[in-house]
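The values are calculated or read from the model by the stated rules, or taken from the named source; none is laboratory data. Note that the coordinates shown come from a computational prediction; the quantities given were computed from them, not determined experimentally. Cβ atoms come from the backbone with ideal geometry, glycine included; neighbour counts cover every protein chain shown.
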Amino acid sequence: MEKNVARNLLVQVLDDMEKKALEMKVQGVGVACFLDDASAVDWIGEMKVVETPYNLKEGWNLVAIAWSKAGEVIASLANSGNPDREKIMGELGFVGGAYAQCDGYKLAFAFSGATSEEDLEIAEYGIAQFREYAK
């Protein structure tokens, strides 16, 4: 897939993730990343703020958490927050990052701002939308 096409798909999917989050009455930050199976460094990623990038009341930087989830997903090639996996420096171990493969690409989608279960639901919704658009 051409890089510009992939980036445009990520932006479109993040718009869908925002709609899903608002339907669920949650706010936060969504991240969508795309990596060619043949590369470990050619990562394309986009981010979307859904109403707020942080939760000052509880002291959460939702941007940092969402990207940490995406980083953990790519490093482990699995959903984030696996308690059986030893975290490496920079990972926070939060649930809410989803992993999938699609047509020779690795996908890492994450959301931060709601409960762990809601974050994962939104991230997995993003992956489903990406797969639909990539057909």
Within segment 1-31, residues of a type in the set (A, V, I, L, M, F, W, C), in a loop (DSSP other than H, G, I, E, B) and within 14 Å of A114 (Cα to Cα) come out as M24, V26
Those residues that are at pLDDT below 95, under 22 Å from K48 (Cα atoms) and either under 10 Å from the mean Cα position of the chain (by Cα) or of a type outside the set (F, W, Y) (or both), I need them from segment 82-106; list them, please. G90, E91, L92, G93, Q101, C102, K106
Exactly one condition in (1) modelled with pLDDT under 95; (2) in a strand (DSSP E or B) is false for A110; which is it? (1)
Can you pull out every residue in segment 25-42 that is surrounded by 14 or more Cβ atoms within 10 Å (Cβ to Cβ) and either over 13 Å from the mean Cα position of the chain (by Cα) or more than 20 Å from D103 (Cβ to Cβ) (or both)? V26, Q27, G28, V29, G30, V31, D36
Need pairs with beta-carbon distance below 8 Å; first residue within 10 Å of K106 (Cα to Cα) and acidic (D, E) and within segment 19-45, second modelled with pLDDT under 90 and part of a loop (DSSP other than H, G, I, E, B); sequence gap 6+ or separate chains. D36/D42; D36/G104; D37/G104
